[in-house]
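Just below is one structure, and these are the notes that go with it.
The values are calculated or read from the model by the stated rules, or taken from the named source; none is laboratory data. What you are looking at is a predicted structure, and each value in this text was computed from that prediction instead of being measured. Quick reminder, even Gly has a Cβ in these numbers, built from the backbone with ideal geometry, and neighbours come from all protein chains shown. Ligands, DNA and RNA are stripped out before the accessible areas are found, and what is left, the full protein with its side chains, is counted by its heavy atoms. Shrake-Rupley method; radii C 1.70, N 1.55, O 1.52, S 1.80 Å.
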Amino acid sequence: MRKGPLIVVGTVFLTSFATLAASTSIALWGSTDDFTTRDRLRTAANRLADAARDVVAGLPPDEPGTVLPEPDNRRLAAIVSRVLADYAEAEGGFYLAGSNQFAGVVVPIPEPEPTNEKGKKGKGADKKADKKKAEKTDAVAVATTGRRDPPPLETDSIRQQVRTALNLDLGLPPLVEIRDIGPSRVAVATAAVGDDRPAHVGVWVMIRLTGPEQQNARLARLQLATGLSLVGILLALGLAVALVRSLRKETRQQAELRDELRKAEYLAALGRLLAGVAHEVRNPLTAIRSTVQLWERFPDRARTPESFAAIIAAVDRLNELVGRLLLFARAGHETRRPVDLNAVVAETLELVHARADAQGVAIEANLAPDMRMVVGSAQALGQVVLNLATNALQAMPDGGRLVCSTRMLPDRWIELAIADTGPGVPEDARDRIFEPFFTTRADGTGLGLALCREVARQLGGDVILDPKPGGGATFRLTLPTAPGDIP
């Protein structure tokens, strides 16, 4: 299967999930408690305290019940406006501890949108309007910031923080705290004015990290990022569905191609089989015909026990050939059920035990315990084991050793190995020994090993020859285990 679609789907999925994961961070950008914000606030508080030192020293006595005169309040507001002009979106002021009052409070002034001469908002504002706005900036700031109290939601929090800062030792940096108050998240720095401790006048500087406007803007960014992520995820899901359908289609096509290939291989094998059958049947038929013709010509002298034995041998050979052909034709078509291969091997070895003793062949069985079951026909597997064992015995007419062993292989496969100590398979015959009707023995049919391989492949396995160096041969039968079988 091509890797291109997989790469595309994977890329879209990863990109979408990464965007979705990052969207929250994008939406909350600028609302975190970072060192830059703290440093800016400390610097602003220090500058404001230094700038107001002389003015604060000239203020009237700060006692309970007193109210700071308005001119002094405006002087303090002017100082705050001048200092905080270098700190965008900062607001601040003073707190007088003796009279428990705020003074000189300055808050950011929203800049009006440029207007044209007709009073309409937009990009048509001319340079003259911008110049007039710049000229009025200071006057507007002073006129509108002569307020006495901070924003109402933050007033109590700022008062408490300034009181704490008034009692700090000299040399300590301004106190900075970040808090969530109402719908906003604010950072506030406070410091004492003057060198006396405890001080009576303090400054505060505040920056809104998040507020309703910021939250709306970040919510819009969050919605945009989430929308893009969902579109990407839906696109990836669509591609994945299409990919699964394509995979299923390719799987079906591959299965059909395998079936067609199997049929072609079967027809080719059938053609070779029929050619071999014609050749194998012709020899015994020729012998029978010759014997019968001899009987017709010499009825008295030709009908000897030897001639009858020859006909019987020819008929037996035809019967054996037909029997093997039937087994070959039925290979893979028997009813399949879980089979214990160890039991099949043990039963088959009992059948050849007498012949092995007669030839002086020692049989050794090394059967692995707790073997998994295989799916197949016990009769067909028994025929495979019998054919392999018989071939091994035929290779050792003067004695030797026959070893049958089973073992588990990785990935739920099992192996049966049948080894002999005979002369081995000639090198020029190793590539053809599994062909139907190919044999190295004069009395062989050439169907035994062909039947073994056909049965093994019908069950999803195989049979191979593993020749031993210096003589002997080992045939290895590998089969898959039954699905879901537990050892």
C-alpha center-to-center spacing [region 226-260, region 178-211] in angstrom: 59 Å
Exposure of R355 as accessible area (Å², to 10), given a probe of 1.4 Å and all protein chains: 100 Å²
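Of the peptides 249-260, 163-174, 369-380, how do they stack up when ordered by the mean number of other Cβ atoms within 10 Å, highest first?
Working: 249-260: 10.3, 163-174: 14.2, 369-380: 17.8.
Peptide ranking by packing, descending: 369-380, 163-174, 249-260.
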Cut-off under 5 Å, modelled amide H: who pairs with V339 long-range: V374, V375, G376
Dimensionless Rg/Rh of region 356-445 - Kirkwood Rh, Rg from C-alpha atoms: 0.99
